[in-house]
Structure formats: structure tokens, C-alpha cells
Amino acid sequence: RSTIGVLALQGAFEEHCNILKSISNYNIIQVRSIEELRSCCGLIIPGGESTTMSLVASRSGLLGALREFCSNPNTAVWGTCAGMILLAKEASQTKKGGQELFGGMDMIVNRNQYGCQLESFQEDIPFNCINGGPVNGIFIRAPILHSYSDNKNIIELASLPSNPVDHSVAPQGHVVALRQANKMCTTFHPELTRDYRLHVYFVEEIVNKI
Ligand code: GLN
């Protein structure tokens, strides 16, 4: 299977599709059905509104297949912002919003923890796994990674160089990119910049190797 999908229920899926098309030879598709999902070896879950994406996934009967896909060790998945929330095993505010998660990464996230839209920010993020200097991170009502399990498969890819606000809710530091085997997540939106290095990383270091 040489297809990478972008979950296209809501949010910034067009941007991810365009970038993937420009940097890879994979067949890139928008995923809205179980058949489309099953044709993929990799999937990006975009940023947007996780409650909405979750609701649409439930109503369209896609939730079970997404859970299966995200917990399958032989698929590559990258969740950005809301997509990261959906990849978590637990997220704050899920009960209130009745939000179902997809799971796949052994982590707990807090939604909207930096505050409202006015507290959205940009920051240069140093990545050890990416050459050529820091990546500009756009954080839009971003989640904070609360914690992740003590699992040898999990590696921190990047953290905020400084804490932008006083938040005691991130006991393991402000990790903004995490990888667990073939799954990765970022709390920010790389698809909203012209810097495609994280997309290249996802394709070359994860999708190509599964
Ligand atoms: N605040 C959104 C949520 O909780 C995520 C925002 C985003 O993806 N930029 O789903």
C-alpha cells in the first residue's frame, strides 16, 4: 500500500494534503470512509476541533476503524494539535464534550490548556531529529501534553525552549512533539507554515520504514 491519507472530517486537511503531494511520491488521499482508511499505510489527523472530528467520526461509523488503525503497530500516524488530542488515551474535558478518542499513543493531554484564542502563540522549536535550525511552531488553542507512560518506545522529539505561561500542568516539561514507535504527534500546526521538514520526517523516517 503506497497511499497516505489525511483524515478529512474537519480542520486543516487540505494543507496537509498539499504538502504531502509536494514532498512525496505517495498517493495522497482525503479519508472519509472505512475503505479509504483501509487503503492507507499512513494517516495524518489534522488540527481543528477534536470534539467535532470525534462526533463526525462516530456519526459516520468511522470511529471503530480509526481506533483500529491508530492502535495497529504497522501503520504510521501523525496527529497535529486536535489530531494529537484524538491520539491520546485520555484527554481533559472529554466527558463534558462527550468526546470519544481514537487512542494509539500512551499519553494524557489537556485540551486548550494555554488558554483561549488570545493566548495562541508562535515559537521557534529546536528539534534534534531535524537539520537546518528550529521549526517555527504555530500554537492555536493548543493542547498541553500532561504525561506519557514509562514506555521505552516513547521518545520526546521537541520541547518548548521556555515556558510561555506559568503552567504547572505539564509535569514532564512542555513537550510539544512526541513519538511512540510509528505514531507521532505535535501540539502545533506545521501545515500552516512553508517549512515542510516535519512532513519529510514523517514520510522518510516513519512511513517509508513500516
Ligand atoms: N482546541 C482544539 C481542540 O481541543 C484544538 C485546536 C487546534 O487543533 N488548533 O480540539
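Observations on the model:
- Matching residues, segment 15-48, being of a type in the set (S, T, N, Q) and more than 21 Å from residue 189 (Cβ to Cβ): 25, 27, 33, 39
The rows are residues; the columns are (1) within 16 Å of the ligand (Cβ to nearest atom); (2) touching a residue at least 24 places away in the same chain (Cβ under 8 Å); (3) surrounded by 16 or more Cβ atoms within 10 Å (Cβ to Cβ).
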{"site": "109", "(1), (2), (3)": "yes, yes, yes"}
{"site": "121", "(1), (2), (3)": "yes, yes, yes"}
{"site": "124", "(1), (2), (3)": "no, yes, no"}
{"site": "133", "(1), (2), (3)": "no, no, no"}
{"site": "142", "(1), (2), (3)": "yes, yes, yes"}
{"site": "148", "(1), (2), (3)": "no, yes, yes"}
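- You will find that of 104, 79, the residue that is outside any helix (DSSP H, G or I), buried (at least 20 other Cβ atoms within 10 Å of the Cβ), under 16 Å from the mean Cα position of the chain (by Cα) and on the phi > 0 side of the Ramachandran plot is 104 and no other.
- Neighbours by Cβ (under 7 Å, 6+ apart or cross-chain): first from segment 37-52, on the phi > 0 side of the Ramachandran plot; second not in a strand (DSSP E or B): 48/10; 48/11; 48/12; 48/82
- Near pairs, Cβ below 7 angstrom, 6+ apart or cross-chain, from segment 14-32 (without any contact (Cβ under 8 Å) to a residue 24 or more places away in the chain) to any residue that is surrounded by 16 or more Cβ atoms within 10 Å (Cβ to Cβ) and not aromatic (Phe, Trp, Tyr): 17/6; 17/28; 21/28
- Residue 31 being crowded, with 23+ Cβ neighbours inside 10 Å and among the aliphatic types (A, V, I, L, M): yes
- Taking each residue of segment 176-201 that is more than 19 Å from residue 75 (Cα to Cα) and looking for partners that are within 14 Å of the ligand (Cβ to nearest atom) and among the charged types (D, E, K, R) with beta-carbon atoms closer than 8 Å, six or more apart or interchain, yields 191/15; 192/15.
- Single unsatisfied condition, residue 44 versus (1) under 17 Å from residue 207 (Cβ atoms); (2) assigned to a helix (DSSP H, G or I); (3) within 16 Å of the ligand (Cβ to nearest atom): (2)
- Which listed residue, of 62, 55, 66, 37, is among the hydrophobic types (A, V, I, L, M, F, W, C) and within 13 Å of the ligand (Cβ to nearest atom): 55
Values in this text are rule-based calculations from the coordinates and carry no lab data. What you are looking at is a predicted structure, and each value in this text was computed from that prediction instead of being measured. Cβ coordinates were reconstructed from backbone atoms using ideal geometry, including for glycine residues, and neighbour counts include every protein chain displayed.
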